[in-house]
Amino acid sequence: MTGSVSPDFSAFSAYSDSGFQEKVQSLPKSAGTKVLRMALTLYVLLKDPDIPVTAKVMIIGAHVPPG
């Protein structure tokens, strides 16, 4: 493959810290601490500019259930 391909993340510009906070607050209490901890961990990791995009893709892939 020649050259590099830059992914288009413009679709994600609508995501915000306040939007994530609203989403987390709307989770039912039955979701529990484990779900909240995973959501917060993923959010922080994916927002970190020091983590390469390739690593972020692997992180997401590892947390998406099959099929």
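No lab work stands behind these numbers, since they all come straight from the coordinates. Quantities reported herein were computed from a predicted structural model and do not represent experimental measurements. Heads up, the Cβs are rebuilt from the backbone with ideal geometry, glycines too, and the neighbour counts pull from every protein chain shown.
Some notes on this structure:
- Farthest toward positive dipole pole in the range 16-67 [+1 Lys/Arg, -1 Asp/Glu at C-beta], among 24, 35, 55: 35
- Karplus 3J(HN,Hα) series, Hz, for the range 55-66 with 6.51 cos²θ - 1.76 cosθ + 1.60 (x for Gly, Pro): 5, 5, 5, 5, 4, 4, x, 6, 9, 8, x, x
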